[in-house]
1. Hey, can you find the accessible area per residue of the stretch 21-238 for me, probe 1.4 Å, expressed in square angstrom?
2. What do you get for trypsin sites (Lys or Arg not before Pro) in the stretch 80-180 restricted to DSSP loop and a cutoff of at most 10 other Cβ within 10 Å of the site's Cβ?
3. Rounded to the nearest percent, how much of the accessible area of the stretch 21-238 (1.4 Å probe, protein heavy atoms only) is carbon and sulfur?
4. Would you tally the net charge around S350, using a Cβ to Cβ cut-off of less than 12 Å, leaving S350 out, and scoring K and R as +1, D and E as -1?
5. As an exercise, identify the GluC sites (Glu not before Pro) in the stretch 172-243 lying in DSSP coil whose Cβ has no more than 15 other Cβ atoms within 10 Å.
6. Per 0.36 nm of contour for each residue apart, how much would the distance between R84 and E462 grow if the chain were fully extended, relative to their Cα-Cα spacing?
7. What is the distance in Å between the Cα centres of the stretch 241-277 and the stretch 112-137?
8. Can you give the angle from 0 to 90° between the axis of helix 244-264 and the longest principal axis of the chain, with both taken from C-alpha atoms, to the nearest 10?
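The values are calculated or read from the model by the stated rules, or taken from the named source; none is laboratory data. Computed from a prediction, not measured in an experiment: that's the story for all the values here. Cβ placement follows ideal geometry from the backbone for every residue including glycine, while neighbour counts extend to all protein chains displayed. The accessibility values were calculated without ligands, DNA or RNA, using every heavy atom of the protein model including side chains. Shrake-Rupley method; radii C 1.70, N 1.55, O 1.52, S 1.80 Å.
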Amino acid sequence: MTPTQDQPHSTPLEATPLEGWVAVVLAAGRGTRMRSALPKVLHPVAGRPMVDLVLDTLAEAGCADVVVVTANAGDEVPRAVEARARVAIQDAPLGTGHAALAARAAAGEASRVLIVNADLPLLRAETVRALIEGHDASDATLTFLTAHVWDPTGYGRVVREGGRVRAIVEQSDADAETAAYNEVNVGLYAASAGWLWPTLEALTPGPRGERYLTDIVARAIEAGLRVETHTTEDPSEAQQVNTRVELARAEITMRDRVHLHWMTEGVTLIDPATTYIDVTVELAEDTTILPGVHLSGRTRVGRGTRIGPNAIVRDMVIGADCEVGASTLEGSTLGDRVSVGPYCHVRPGSTIESDAHLGNYAEVKASRIGAHTAVGHFSYIGDADIGARVNIGAGTITANFDGVTKHRTTVGDDAFIGSDSLLIAPVEVGARARTAGGSVVTRDVDADTTVIGVPARPHPAEHDDTSQKEDGPPSRA
Ligand code: UD1
Ligand code: CA
C-alpha cells in the first residue's frame, strides 16, 4: 500500500468539537499474533504507541469524549491512556462485539457512538471526520469505513447486493468467493446509541466463543435499518497491525508520510530511505537531514541546522544553524550555531550554549557548556558548569564520581584548561584561570591563576610568595 502523495501526516485539522458523540477505542485484545510481552496497542509506530496515534487522530477529528476499552486494571494500557480518556475494562477477551459493549456504562448518554479498533495507526482525522459527517447527514443507523486493498487477507470482507451492503464476513467465515472480495472493513464504525447498545447485548458468540462487532451490520440489515459505508481512497489507512510483519508495514507507511510532510515544510532529506523521524519530532525550514539519521521523541530542530550522516538524536532541542556530525545526542539543549562531532555523546540534562563546539569523542553529561566554549577532543565533562569562551584541552576529564556520590565541577568564563587536565570534583576553577597540560586539579583554583602539576599548584613563575612554598615545588610525577 502506498500513501497518497498529497496528504502529509500531520496537518492539524480545524475540527469543531463534536456534540453528542462518544468515541470508543477497542484496545483489550490479547494481541497473541504479535507474540509479545508488551500489549499490542503499546507497540510504537514511528516512535508513538499505536493507541496514542489513534487517540491523537480522534482528538484532531474533534472527538473530545473518549472511552478506551482495555483488558484489565493491572494492564499497562490503562496507565498509558488514563490521562486522555476514560477507561472501561473488558474482563475477558470475548471479541470486538463484547469489547464495545464493555464501554456502555462509561459511554454515558451520548446519542451517537464512534467505535474504532486501536490497531489502526494510519487512520487519518480527515477520514474519521468525513465518516462522522456522512453519518450525521444521512439517516443511517450504522456507517462504517471500507477500503479497497490489494490483499484482503485477515480483514472482514464487505458483502454487497446490488451495491447495497449486506454484511461483513470475517476471514474465518468466508467461502472462496467472498474471500476474494477486496473491499474490506477497516475497523471504524458510527452508530446511533439507542440501537447499538441493545444490539451488542443481543450478539451471540461464534464457534470460538467470540462476539463479532462486525455482526451488527447484518443485524441492522435484518431489522430493515439503513447501513451506509464511507470508503477511503487511501488504502494505507486500513493497515491494521496484528503481526510484526504488519507492524513493519505500518512503520514504513508512517515514515513515508512523515517524510512527505517535512519535505513539504521545507526540510531537505538527502535519503528518505535511511532517515527515521518519529511523528513526535518537529523540524524548521531549511534543515538538512543526511542519511542514517534517527530523530526521535520530543526532538525540535531549528532552522538551517544540518544533522548527520549517522546521528542518533533523542528528545533534543536543537537551535538554528547547528552542525551535528555522526553523534548520539539525548535529552539536552543546543543553542544556535553549535557544532557537535563527529563522534560525540551528549547525555541527558546538558545545555550547550550558542556557538559552542564539541569536537571528536567528547562526552558531556548533565552539564552546561557556555557560549563560544570549545571541547575539542576526547573529553568527559560530567556534572559540570563550564562558562563562556572556555577552552577545554584534549583529554580533559571531570572526575565527578568518588565511588559513592557524584560531585560538580565549575569552570569560570575565559578559563583555559590544558590538555589532559584532570579536574577532581568537587572543584572550582575561577574565571580566566589556566591549568597547564597534565594538571591534576584537586583544589579550587582562584580566578586569573595558573596551576600546574600533580597535584596542581599555582605556577611558580606567577606565585613566588613564601606561603606557597610549604607545599614544595610543583611536580609532574
Ligand atoms: C477486526 C474486524 C475485521 C476488520 C479488522 C480490520 C471483527 C470481528 N473483525 O478483525 O472485520 O477487517 O479488524 O481492522 O471485529 N479487541 C478487544 N477485545 C477483544 C478482541 C479485540 O478489545 O476481545 C480489540 C483489539 O485490541 C483490537 C481491536 O479490538 O484493537 C480489533 O481486534 P483484532 O483482534 O485486531 O480484530 P481483527 O481480527 O483484526
Ligand atoms: Ca486487527
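1. Working: 8870 Å² over 218 residues.
Counting only protein heavy atoms, the per-residue value for the stretch 21-238 is 41 Å².
2. Details: sites: R84, R86, R104, R112, R124, R129, R157, R160, R164, R166; in loops: R84, R124.
Within the stretch 80-180, no trypsin sites (Lys or Arg not before Pro) qualify (loop, at most 10 other Cβ atoms within 10 Å).
3. Working: 4380 of 8870 Å².
It is 49 percent, rounded to a whole number.
4. Details: positive: R347, K365, R368; negative: D315, E330, E353, E363, D383, D385.
Here the charged neighbours net out to -3.
5. On the way: sites: E177, E183, E201, E210, E222, E228, E233, E237; in loops: E210, E233.
Here the GluC sites (Glu not before Pro) that fit, given the DSSP loop and packing criteria, are E233.
6. Values: separation 378, 0.36 × 378 = 136.08 nm, distance 6.48 nm.
Fully extending the segment from R84 to E462 adds 129.6 nm.
7. The stretch 241-277 and the stretch 112-137 have Cα centres separated by 23 Å.
8. 70
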